[in-house]
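Everything on this sheet refers to the single structure shown next.
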Amino acid sequence: MPPFLFLSKLERIYILGTKAFMPKSHHTTAESLESFLRAEVPLARAAQICVEAYDGTTLRARAPLGPNINDKGTAFGGSLYNLCVTAGWGMTSLKCGENGLQGDIVVAKAEIEYLNPLNEDLIAIVNSPNAEELSLFLANFRRRGKAAMTHQVTISSSDGIPCVRFKGKYAIVA
């Protein structure tokens with residue numbers, strides 16, 4: 001069990017460093033998610049992350065190469081990680097919002113594989129959990145006031161070459 005789950009709400013707010021993570025309603029549209037990221041998450045704003053599309057099943061988040069470039073002319077590893085974490089967090093927030101859940105969402109665990117360099121805009125794609133996974137997540141939250149879901153996020157080049165594979169576990173705590 002991640003140690004943050006045992007912290008008080010005030011301790012979690014202090015650690016996360018922003019009032020935006022106080023328990024609240026979550027997003028149900030790409031537009032509300034993007035507005036939140038731009039207003040409340042400085043790193044997402046600096047990376048110029050935008051929510052390109054969300055159809056209820058797949059979220060596409062984009063960041064331009066310009067502010068996310070390294071000294072080799074390719075996407076900076078930290079920017080790729082940032083976009084993946086943000087996309088996974090966004091999908092979790094959207095699913096929580098669609099199901100009326102309120103609470104703090106945090107990334108509990110993450111791992112990334114950098115497969116190939118990327119020299120164009122960064123586009124992260126994350127799919128919704130399947131119906132069984134979502135049902136279990138909702139049941140856990142309603143029973144225990146906390147739950148976790150795992151997302152796979154990918155970033156590929158425009159020619160379909162895989163560049164990044166990311167796996168993140170996100171928790172919500174009432």
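Quick notes on this one:
- Of note, residue 92 does not satisfy the criterion of being closer than 19 Å to residue 173 by Cα, polar (S, T, N, Q), outside any helix (DSSP H, G or I) and touching a residue at least 60 places away in the same chain (Cβ under 8 Å).
- Residue list for the range 34-59, restricted to those being closer than 13 Å to residue 124 by Cβ and outside any loop (DSSP other than H, G, I, E, B): 37, 44, 50, 51, 52, 53, 54, 58, 59
- Number of the exception - residue 73 against (1) part of a loop (DSSP other than H, G, I, E, B); (2) modelled with pLDDT under 95: (2)
- Verdict on residue 71 being in contact with a Lys or Arg (Cβ under 8 Å, 6 or more places away or on another chain), without any contact (Cβ under 8 Å) to a residue 60 or more places away in the chain and not small (Gly, Ala, Ser): no
- Every pair of residues 6+ apart whose Cβ atoms lie under 9 Å, when the first sits in the range 153-174 and is under 12 Å from residue 105 (Cα atoms) and at pLDDT 95 or above while the second is among the polar types (S, T, N, Q) and part of a strand (DSSP E or B): 169/150; 170/150
- One residue stands out in the range 134-144 among those that are exposed (fewer than 13 other Cβ atoms within 10 Å of the Cβ) and not small (Gly, Ala, Ser): the one that is nearest to residue 59 (Cα to Cα), namely 142.
- Of everything listed in (1) under 18 Å from residue 168 (Cα atoms); (2) surrounded by 21 or more Cβ atoms within 10 Å (Cβ to Cβ), the single unmet condition for residue 58 is (2).
- Tally, over the range 76-89, of residues that are part of a helix (DSSP H, G or I) and free of Cβ contacts under 8 Å to residues at least 12 places away in the same chain: 1
The values are calculated or read from the model by the stated rules, or taken from the named source; none is laboratory data. No experiment lies behind these values; they were computed from the predicted model shown. Every residue, glycine as well, gets a Cβ built from its backbone with ideal geometry; the counts of neighbours run over all protein chains shown.
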